Amino acid sequence: MNPQKSNQPAQQYSYAYLDEQTKRMIRRSILKALAIPGYQVPFGSREMPVPYGWGTGGIQVTAALIGPDDVFKCIDQGADDTTNAVSIRQFFAKVADVATTEDTSEATIIQSRHRIPEKTLKQGQIMVMQVPQPEPLRTMEARETETRAMHAYEEYGVQYVSLYQSVAAHGRITIGATYPVMVNERYLMGPSPIPKFDNPKINQSEAIMLFGAGREKRIYAVPPHTDVRSLDFEDYPFEVQTWDEICALCGSEDSYLDEVVLDDQGNRMFVCSDTHHCSVRRDAGHAGPLAGHALGSAKEAAE
Amino acid sequence: MAYVAVKGGEAAIANAHRWLAEERRGDPSVPELDVTQIREQLSLAIDRVMCEGSCYDRDLAALAIKQARGDIQEAVFMIRAYRTTLPRFGASEPLNTVEMRAVRRVSAAFKDIPGGQVLGPTFDYTHRLLDFTLAANGGAEAPPALEAEEPQQYPMPNIGSVFAHEDLLESDAPTPDAPEPYDLTRQPMRFPAGRDQRLQALARGDEGFLLGLAYSGMRGWGNAHPLCGEIRYGDVSVEFVPEELGFPIEIGELLLTECVMITGSAQGGNKAPQYGRGYGLVFGHCERKSMSMAMIDIALKAADAGDAVNAPVKDEEFVLYHSDNVEASGFVQHLKLPHYVDFQAGLLTIRKLRAEYFERQRTAQEAQAAAPTATEELV
């Protein structure tokens with residue numbers, strides 16, 4: 001183990017950027033968050049060398065956990081090669097001297113913005129979600145002093161009223177992402193802006209789910225094997241997104257699809273949002289209607 | 001293809017940064033700016049970067065301004081990100097601004113006050129006419145400033161001492177048994193915020209945001225009509241007690257701007273009527289910001305004292321949560337990051353809703369066509 005290797009020569013930064021005191025403070029906050037599933041723990045979030053809103057909470061959580069033996073995966077919108085994911089992956093490769101991967105099952109820490117990978121996570125893996133707004137009630141109540149009290153008293157009526165208003169106005173619950181969940185039947189939690197498609201992946205997961213909000217200075221968590229229920233009504237049950245189409249590259253019928261605009265004549269193609277999931281399927285011989293399309297090789301071309 | 005551009009990846013990022021460096025340098029036939037030139041000749045930009053960056057280092061601020069191509073908020077961000085990595089070896093003694101070596105000090109409350117009105121180097125009363133001799137490569141050397149005929153009074157009494165014998169102005173008495181001041185760089189925002197937490201947040205806050213809030217309070221969004229009791233700027237000694245010595249030693253000087261705003265009308269209640277006080281203290285020479293800070297302090301204190309919270313400037317959650325430009329700039333600009341996964345979720349919903357809408361329209365039209373209309377019957 002040689003943690004100084006990547007940090008020592010050029011810059012005088014600590015291993016994984018944050019100083020040890022700060023990492024200890026963040027670890028204490030993570031432990032508290034795990035002990036009270038779904039509760040937002042205030043923490044002394046620091047300025048990071050990337051802007052607030054670009055993953056500072058996730059980066060701080062990862063920095064507090066990562067060690068030289070970890071294997072780090074970073075995705076944004078499900079893709080390993082989106083610019084911000086590349087930037088954060090390079091950051092940890094540089095300041096933590098850590099191995100990186102695109103392989104979901106190989107990773108020990110997966111930092112993500114907006115998606116949970118399609119492949120079921122296992123014991124020993126940690127999912128770190130970047131969170132822009134940790135407070136699920138914020139759109140209904142602007143004041144932090146109020147929302148903290150609402151959580152303390154488990155006063156979530158306003159959330160159900162909001163869902164009911166959606167049903168009354170549109171005939172359904174129209175929330176597509178950041179769909180509110182109840183954790184361990186106690187705390188209302190925003191699952192970060194993942195599509196509701198990913199909500200069931202948090203329920204009873206074997207992996208540790210950590211949520212870091214840098215700008216808002218909150219950390220929260222779902223420990224393994226915890227009940228996470230997406231809110232709904234008996235007559236309007238929770239359901240996830242479905243598509244009429246399949247992945248044009250790998251033919252997947254059950255993964256979250258991105259819609260890719262091909263021209264301005266209304267032509268579209270649908271491809272897996274989880275790029276690693278898609279490439280694994282293609283390598284295994286699965287093919288969709290547009291298999292061989294340039295999109296499938298975009299990643300290889302960039303490398 | 002657009003999608004491939006989104007998936008630009010590592011090579012695209014590296015190329016973008018290389019291009020950025022070229023843009024920063026500008027025309028290579030023009031001599032490169034030296035950080036010392038920035039430090040000496042753009043000193044008010046340096047002050048603002050140090051102030052909002054919460055880090056007093058003129059050379060680093062100059063470097064940040066150069067690297068940020070003059071984008072002050074970007075420079076502030078760089079200084080903050082650097083500052084957060086610095087180890088802490090202690091806290092200084094509280095600064096004594098009465099002993100400031102004032103370069104400028106004016107009071108609007110009295111025609112003259114002990115120590116006098118000292119204009120100092122100020123833009124006030126300059127005519128804002130472009131000086132084209134500066135464009136002609138500097139033109140003639142500026143003549144040096146004149147020396148005063150008499151030395152300035154030192155220490156220069158502050159506005160509090162002027163009012164003290166009548167107790168007309170609310171005092172900011174030191175409270176030796178008060179707990180350690182709140183530190184927003186180590187703890188998250190907490191409400192209700194103490195005055196220590198508020199003043200720290202305001203001192204780090206964005207000058208433009210504070211200015212707008214203070215202005216809104218004067219214009220009717222809040223009932224503030226304060227006057228400037230005193231504004232001064234100059235050097236203040238910083239003292240530190242090293243453990244091995246056990247007594248304070250001077251370790252340096254800070255250039256600070258301090259402002260005391262006085263409420264426009266007497267405050268009373270159960271106490272004898274007196275004027276309220278708002279306080280602003282910032283790094284460097286930033287009069288606009290220190291005045292804004294003091295005015296917001298007054299507005300927030302009025303809300304504490306039971307004034308209706310009926311304007312943004314009186315609402316501490318609104319003021320404190322939105323004054324930090326590093327937070328605000330990052331979050332606003334994160335909207336540039338891809339959001340296509342969430343957008344896809346929204347697209348699915350809106351397409352369903354539209355299909356249902358047109359289905360309802362079609363059904364309604366069919367029903368209308370099948371039944372004779374009321375107007376036809378009337379005809």
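The values are calculated or read from the model by the stated rules, or taken from the named source; none is laboratory data. Quick caveat, the model's predicted, so the values are computed rather than measured. Backbone-built Cβ (ideal geometry, glycine too); neighbour counts: all protein chains shown.
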If the requirement is being under 30 Å from B:VAL309 (Cα atoms) and charged (D, E, K, R), which of these qualifies: A:ARG115, A:ARG186, A:ARG172, A:ARG143?
A:ARG143
Going through the stretch A:192-214 in order, the residues found to be outside any helix (DSSP H, G or I) and buried (at least 24 other Cβ atoms within 10 Å of the Cβ) are A:SER192, A:ILE194, A:PRO195, A:MET209, A:LEU210, A:PHE211, A:GLY212, A:ALA213, A:GLY214
Scan the strands (runs of 3 or more DSSP E) fully inside the stretch A:222-303 and keep the ones with 3 or more residues being under 18 Å from B:ALA345 (Cα atoms).
A:257-261, A:268-272
Residues of the stretch B:160-216 being closer than 28 Å to B:PRO114 by Cα and of a type in the set (Ser, Thr, Tyr), in sequence order, are B:SER161, B:SER171, B:THR175
Name the one entry in A:ASP81, A:ASP76, A:ASP70 that is more than 23 Å from A:GLN133 (Cα to Cα) and either crowded, with 24+ Cβ neighbours inside 10 Å or at pLDDT 95 or above (or both).
A:ASP70
Given the condition touching a Pro at 6+ places or on another chain (Cβ under 9 Å), within 14 Å of chain B (Cβ to nearest Cβ) and buried (at least 23 other Cβ atoms within 10 Å of the Cβ), answer yes or no: does some residue in the stretch A:90-113 qualify?
yes
Would you point out the residue of the stretch B:89-122, among those that are touching a residue at least 12 places away in the same chain (Cβ under 8 Å) and acidic (Asp, Glu), that is nearest to B:GLY284 (Cα to Cα)?
B:GLU99
State whether the residues of the stretch A:48-58 include one that is outside any loop (DSSP other than H, G, I, E, B), touching an Asp or Glu at 6+ places or on another chain (Cβ under 9 Å) and more than 9 Å from chain B (Cβ to nearest Cβ).
yes
Qualifying positions in the stretch A:19-47 - buried (at least 23 other Cβ atoms within 10 Å of the Cβ) and not in a helix (DSSP H, G or I)
A:GLY38, A:GLN40, A:PHE43, A:SER45, A:ARG46, A:GLU47
List the residue pairs whose Cβ atoms are under 8 Å apart, where the first residue sits in the stretch B:350-379 and is part of a helix (DSSP H, G or I), the second is at pLDDT below 95, and the two are 6 or more positions apart or on different chains.
B:LYS352/A:ARG172; B:LEU353/A:HIS170; B:LEU353/A:THR174; B:GLU356/A:GLY171
Does the stretch A:260-273 hold any residues that are under 18 Å from A:ALA79 (Cα atoms) and either out of contact with any strand residue (DSSP E or B) (no Cβ under 8 Å at 6 or more places or on another chain) or surrounded by fewer than 17 Cβ atoms within 10 Å (Cβ to Cβ) (or both), and which are they?
A:VAL261
Among (1) assigned by TED's automatic domain parsing to the domain that holds A:ASP81; (2) touching a strand residue (DSSP E or B) at 6+ places or on another chain (Cβ under 6 Å), the one test that A:VAL167 misses:
(1)
Only one of B:SER54, B:SER29, B:SER92 is out of contact with any Cys (no Cβ under 7 Å at 6 or more places or on another chain) and closer than 16 Å to A:PRO49 by Cα, namely B:SER54
Can you tell me which residue is farthest from A:ARG115 (Cα to Cα) among those in the stretch A:169-178 that are at the interface with another protein chain (Cβ under 9 Å from one of its Cβ atoms) and assigned to a loop (DSSP other than H, G, I, E, B)?
A:GLY171
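This table checks each residue for (1) of a type outside the set (Asp, Glu); (2) modelled with pLDDT under 95.
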{"site": "A:LYS94", "(1), (2)": "yes, yes"}
{"site": "A:ASP97", "(1), (2)": "no, yes"}
{"site": "A:THR104", "(1), (2)": "yes, no"}
{"site": "A:ARG113", "(1), (2)": "yes, no"}
{"site": "A:PRO117", "(1), (2)": "yes, no"}
{"site": "A:MET127", "(1), (2)": "yes, no"}
{"site": "A:LEU137", "(1), (2)": "yes, no"}
{"site": "A:GLU141", "(1), (2)": "no, no"}
{"site": "A:GLY157", "(1), (2)": "yes, no"}
Conditions first: (1) part of a loop (DSSP other than H, G, I, E, B); (2) in contact with a Phe, Trp or Tyr (Cβ under 9 Å, 6 or more places away or on another chain); (3) outside the structural domain of B:GLU244 (by TED's automatic domain parsing). B:LEU129 passes all but one, so which condition is the exception?
(2)
Flag if B:MET189 is outside the structural domain of B:ILE72 (by TED's automatic domain parsing), closer than 30 Å to A:LYS217 by Cβ and assigned to a loop (DSSP other than H, G, I, E, B):
yes
